[in-house]
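The values are calculated or read from the model by the stated rules, or taken from the named source; none is laboratory data. Owing to the predicted nature of the structure, the values given are computational and were not obtained by experimental measurement. Positions of Cβ are backbone-derived with ideal geometry, glycine not excepted, and every protein chain shown enters the neighbour counts. In case anyone asks, the SASA skips ligands and DNA or RNA and just uses the protein heavy atoms, side chains included. Shrake-Rupley method; radii C 1.70, N 1.55, O 1.52, S 1.80 Å.
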Amino acid sequence: MGDTARRESALRAAPGIRRAAPAALRAAPALLRAAPAVLRADLHPGRRDPLPRHRHLGRLAHGHIVLVAVLLGIWDANHYENLMRPATGTVSLLVVLQSAAPVLALTRPAAALWLSTAGLALTAALTSAVSGVAWPWSVPGIALHTLVLLLLALRVRPAAAVAALGLSLLTGIGAVVPHGVPALITLPQGAVFFATATALGCALRAARVSRTRLVEQEELTAEERARRALLEERGRIARELHDVVAHHMSVISIQAQVAPHLVVDPSPELRENLAGIRQNAVDALTELRRVLGVLRGDGTEGDAAAAVRHAPQPALDRLGELLDNVRAAGLDVTAATRGATRPLSPGTELSAYRIVQEALSNVMRHAPGARATVETHYHRGGLTVRITNTAPARPGRPTPARTGTGAGQAGREPGHGLLGMRERTAMLGGELAAGPTPDGGWEITATLPAPLDPKDGS
């Protein structure tokens, strides 16, 4: 039974293995075709790729690398000086160049690789006649080249890093093959250190690339969220203004229908013109309702929500009702009016009402225990609305992802805080200023243009 179960399991897994294997085989030729281009780009000697600043150490890490390279260079020079008694000028020059390779790798890692590899090969060739040496590399030479491979792997793609590792190992093997030196201790040691440095550098680079991509994705997500919030707010403003226009079109239609009955013996031309006005108003109202149906969605929120959506849009004459609602919710708010009150355009009154509503909701949410003041100033240029609040008595609730939510106490629709206020003000060609006050409170001032008609007097 056990063998039968294993065979059945193998048969069930076989299709998945067969599907995965061709996919890997299909991807292999593409990777092989791309490898030469990757190697040419990443290992080109002229390629400049400065090592980024460390998140915590800054440029201090670069200074440590330079210091380590200098110390290893001194160690390497003393090693060959004691070995060759004395070291030739060519070997000393190669030691200096090899110790300079990690410093060069801070800005040009590919050029540093070629310099360090050439130094390893030439030093091995020049010291092959010296007996009693752990050949082909010295211990400080291995350390210097390991540092170069690590700095290279941090900034090139894994394929290029593996190619650099293979080139380094081939350099050691190529130096050993023509010579019958028995003490090949440093070749396997160097291979281990080189492979470890390459693997570590590739892992650190992968982590850094993943972190960078995550940050970029978070920035894109934040931008998309802000753009979506802006579009939602504009859609909400558009719905409200459509409601205002639809109301006026309904009034025009009714007046055009009633007008013939207010005139004694109206002429056929008058009846025809009024009928045309009424028909145009009805057609426009139908189109508005169709657009509103699209803007409002599928209407699946229930009858109560639908009733809220289709309710008449508020104006400044309902400001007292709004203040009563927020007082009932626990906010201490006072109101003051300056200038001669006069009717404004429906869009201006609606925007002023919504700005006050949003500002008071923000006070309730972010400044619990504060006192608020709402001032409306009618002047020749239009209307200025100023909402201020004192410092909060206790910490407010954390800001939700969608600002404006959670203010149902005020009987308001959810909005997007300052974003919605700015959109409404900009739509009317006005100005909005918002910021903290010296006493720790907050102030919002919106100036909405509505020039006074000269016929209305001063």
- Task: Within the stretch 368-390, work out how many residues are touching a Gly at 6+ places or on another chain (Cβ under 6 Å) and at pLDDT below 90.
- Result: 1
- Message: Here are the criteria: (1) under 23 Å from Q189 (Cα atoms); (2) among the aliphatic types (A, V, I, L, M); (3) open to solvent by 80 Å² or more (accessible area, probe 1.4 Å). Tell me which single one L94 does not satisfy.
- Response: (3)
- Would you be able to say whether some residue in the stretch 413-423 is open to solvent by 10 Å² or more (accessible area, probe 1.4 Å), outside any strand (DSSP E or B), at pLDDT below 80 and closer than 16 Å to L322 by Cβ? yes
- Message: Scan the stretch 341-358 and tell me whether some residue there is among the small types (G, A, S) and either closer than 27 Å to A393 by Cβ or assigned to a strand (DSSP E or B) (or both).
- Response: no
- Going through the stretch 101-130 in order, the residues found to be over 14 Å from T171 (Cβ atoms), open to solvent by 40 Å² or more (accessible area, probe 1.4 Å) and under 40 Å from the mean Cα position of the chain (by Cα) are V103, L104, T107, R108
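Residue-wise test of (1) closer than 25 Å to R338 by Cβ; (2) modelled with pLDDT of 75 or more; (3) of a type in the set (S, T, N, Q).
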site	(1), (2), (3)
P392	no, yes, no
R397	no, no, no
P400	no, no, no
T403	no, no, yes
A410	yes, no, no
T437	yes, yes, yes
- Task: Please specify each residue of the stretch 424-435 satisfying the condition of being farther than 17 Å from G347 by Cα and at pLDDT below 85.
- Result: none
- Task: Scan the stretch 362-388 residue by residue and report those that are of a type outside the set (A, V, I, L, M, F, W, C), in a strand (DSSP E or B) and crowded, with 24+ Cβ neighbours inside 10 Å.
- Result: none
- C202 fails exactly one of (1) open to solvent by 50 Å² or more (accessible area, probe 1.4 Å); (2) closer than 30 Å to D49 by Cα, namely (1)
- Filtering the stretch 262-271 down to residues that are part of a helix (DSSP H, G or I) and surrounded by 11 or more Cβ atoms within 10 Å (Cβ to Cβ) yields L270, R271
- So which of Q217, Q255 ends up being of a type outside the set (K, R), surrounded by 12 or more Cβ atoms within 10 Å (Cβ to Cβ) and in a helix (DSSP H, G or I)? Q255
- (1) of a type outside the set (D, E, K, R); (2) open to solvent by 60 Å² or more (accessible area, probe 1.4 Å); (3) touching a strand residue (DSSP E or B) at 6+ places or on another chain (Cβ under 9 Å); (4) in contact (Cβ under 8 Å) with a residue 12 or more places away in the chain: which one isn't true of L60, the others all being true? (4)
- Of the residues in the stretch 335-361, how many are open to solvent by less than 40 Å² (accessible area, probe 1.4 Å) and free of Cβ contacts under 8 Å to residues at least 60 places away in the same chain? 6
- Item | Condition broken by D76, with the remaining ones in (1) open to solvent by 20 Å² or more (accessible area, probe 1.4 Å); (2) over 43 Å from the mean Cα position of the chain (by Cα); (3) farther than 23 Å from G166 by Cα satisfied | (1)
- Residue within the stretch 148-158 that is buried (at least 16 other Cβ atoms within 10 Å of the Cβ) and either farther than 26 Å from A37 by Cα or of a type in the set (S, T, Y) (or both) present: no
